[in-house]
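Inspection log for the structure reproduced underneath, given as structure tokens.
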Amino acid sequence: MPKIAIVLLAAGQGSRLGGYPKGLLIKDGIPLISRFWSEASQLELCEAITVLGFYADRLKPLAEQYSKTVINHHPELGQSSSVRIGLEALQSDYEYLLISLVDQPQITVSELQALMIHTKRLRGQISAIVPCYQGRRGNPVLLTRSAVEAVLVTPHQGCREWLDHNPDHVLFIDMPHESYIRDVDTMTDLEYENLSMSHS
């Protein structure tokens, strides 16, 4: 079995949802942050990290049930800063890393496994996989350990910048359904995904 680590990004402000933590959005009675880790933990991970920022005090108790948590103290700097913090926190001898987003309610263990199937294509200079659907780039992104190390070589560099600057190292794979490109930014997305806001 390959050694898999996951960094889950859950530091965002949810400003277009009126300032609401996306990880606390409810699907089928379960907060998205718990739902993701419950699914992902079926992969028998060697390391699990959640990057928190805005609303860390509310999300941390849930995240800690499944993962180590690290805090982005400047989440206003954007997703790239959270990615960097997550990569720097890795300590295991993982072979592959999945960088996931907390606001992708359609991502289950099946989608993660479908992505992991393609690790056999990570040979030579190809060291990253980006799932796509109908021409749109999606998430989670899959990186080899060497790709993570390459990202970290340049101070302040995030994963997206490295992918954009090194297309010859990236395999873009067309996936069969929209799960990989569906995230939650607006109230319309909330309705589309049949999500609700917890009032606890």
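Each reported figure results from applying straightforward, stated rules to the coordinates on display, with no laboratory input. Treat the numbers as computed from the prediction; the structure is a model and nothing was measured. Cβ coordinates were reconstructed from backbone atoms using ideal geometry, including for glycine residues, and neighbour counts include every protein chain displayed.
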Checklist outcome for this item: So for R0 = 25 Å, FRET eff. of H73-C132 from the Cβ-Cβ r, to 0.05, ends up at 0.15
Item to check | Spin-label pair H165/M1, simplified geometry with 7 Å Cα→Cβ offset, distance in nm | outcome: 3.6
Item to check | For the range 1-118: rounded, prolate or oblate by the Cα gyration tensor [a/c cutoff 1.5] | outcome: oblate
Checklist entry - Efficiency by 1/(1 + (r/R0)^6): what FRET value for S196 and Q125, r their Cβ-Cβ distance, R0 = 45 Å, to the nearest 0.05? => result 0.50
Checklist entry - From the phi of every residue in the range 76-88, what ³J(HN,Hα) in whole Hz does the Karplus formula 6.51 cos²θ - 1.76 cosθ + 1.60 yield, where θ is phi - 60° and glycine or proline is x? => result 5, 6, x, 4, 4, 5, 5, 4, 4, 4, x, 5, 5
Item to check | Under Karplus coefficients 6.51, -1.76 and 1.60, residue-wise ³J(HN,Hα) of the range 95-102 in Hz, glycine/proline x | outcome: 9, 10, 10, 9, 9, 10, 10, 6
Checklist entry - So for the pair D185, S41, with labels modelled 7 Å out along Cα→Cβ, what separation do we get in nm? => result 3.2
Checklist entry - Counting DSSP beta bridges with both partners in the chain, what percentage is antiparallel, nearest 5? => result 35
Checklist entry - Relative contact order of the range 118-196: what whole-number percent is it, with Cα pairs under 8 angstrom and at least 6 residues apart? => result 37
Checklist entry - Quick one: length gained pulling E95 to Q113 fully straight, 0.36 nm per residue minus the C-alpha distance? => result 5.0 nm
Checklist outcome for this item: Spelling it out for S92: with amide H atoms placed in the peptide plane at 1.01 Å from N, the residues 5 or more places away or on another chain with amide H under 5 Å from its amide H are none
Checklist entry - For the range 4-197, what log10 I(q)/I(0) values come out of the Debye formula at q = 0.08, 0.19, 0.20 1/Å, with one point per alpha carbon and no solvent? => result -0.23, -1.46, -1.62
